[in-house]
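Taken together, the values in this text are just the output of simple stated rules run on the coordinates, not laboratory data. What you see is a predicted model, and the numbers here were worked out from it, not measured in a lab. For neighbour counting, all protein chains shown are included, and Cβ atoms are generated from backbone atoms with ideal geometry for every residue, glycine included.
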Amino acid sequence: NAGVMQNPRHLVRRRGQEARLRCSPMKGHSHVYWYRQLPEEGLKFMVYLQKENIIDESGMPKERFSAEFPKEGPSILRIQQVVRGDSAAYFCASSPTSRTWPSFGEGSWLTVV
Amino acid sequence: GESVGLHLPTLSVQEGDNSIINCAYSNSASDYFIWYKQESGKGPQFIIDIRSNMDKRQGQRVTVLLNKTVKHLSLQIAATQPGDSAVYFCAESYAGGTSYGKLTFGQGTILTVHP
């Protein structure tokens with residue numbers, strides 16, 4: 001069984017460019033979560049989605065960040081006009097229901113230069 | 001806002017010793033506390049959880065203790081092995097929230113096991 005798949009694993013963007021991070025949840029999982037991890041810090045919740053719906057985006061920055069989980073295809077975390085402070089590891093997790101612990105992917109490391 | 005934090009940022013032990021990793025939390029409304037292990041370059045991996053109405057739970061080589069009086073959580077690893085070397089995070093979940101998957105993580109403790 002494939003786990004949560006994230007790509008790209010590493011991404012380098014210049015300031016002002018856009019970053020798109022993709023997440024394919026585990027088979028049978030319709031609940032997706034995005035977390036951000038700054039160097040030497042714990043993970044911080046960003047957004048929770050369930051097929052085509054954003055359920056909780058309380059951890060998302062107000063500007064430049066957006067997330068989607070379309071009916072078909074992976075979940076996308078999009079960061080527009082990246083700044084150096086966006087450099088971090090972004091983890092996706094998925095679960096089959098809202099009452100089960102999520103399984104995490106291996107992360108996407110974004111570096112803004 | 002409320003958060004989960006750790007007392008010790010690093011812990012070094014010898015192979016075969018027992019390890020104890022501590023965590024302080026501040027949100028008394030949390031329903032579950034979870035320990036995750038994160039190896040270098042990988043995502044967090046679930047180790048064990050404990051519900052807030054319990055004070056102890058045991059797994060394979062691991063035990064989690066919860067002291068609600070002082071809002072303290074600990075992870076005990078028996079007979080620590082080099083493969084246990086990783087960053088350990090405590091996290092909390094509130095069942096009344098949007099999802100169990102909305103977790104609040106602590107900062108992490110780096111466990112290093114010397115052969």
Subject >> Cα lying deepest toward the dipole's positive end in chain A, options A:Thr97, A:Gly59, A:Leu38, charges on Cβ >> reply: A:Leu38
Original post:
How large is the dipole of the range B:29-115 about the Cα centre if only Lys and Arg carry +1 and Asp and Glu carry -1, each at its Cβ, rounded to the nearest 20 debye?
Top reply: 100
Original post:
Given the C-alpha centroids of the range A:69-113 and the range B:46-115, what is the distance between them in whole angstrom?
Top reply: 23
Original post:
Roughly how large, in nm² to one decimal, is the mean projection of the convex hull of the alpha-carbon atoms in chain A?
Top reply: 6.7
Subject >> Residue of B:Asp49, B:Asp84, B:Asp17 that the Gaussian network model of chain B assigns the largest fluctuation, springs spanning Cα pairs under 10 Å >> reply: B:Asp17
Subject >> Choice from A:Pro102, A:Pro39, A:Pro74 showing the highest fluctuation, given a GNM over chain A with Cα pairs closer than 10 Å >> reply: A:Pro39
**OP:** Could you tell me, in Å, what Rg and Dmax come out for the Cα atoms of the range A:42-108?
**Re:** 12.3, 36
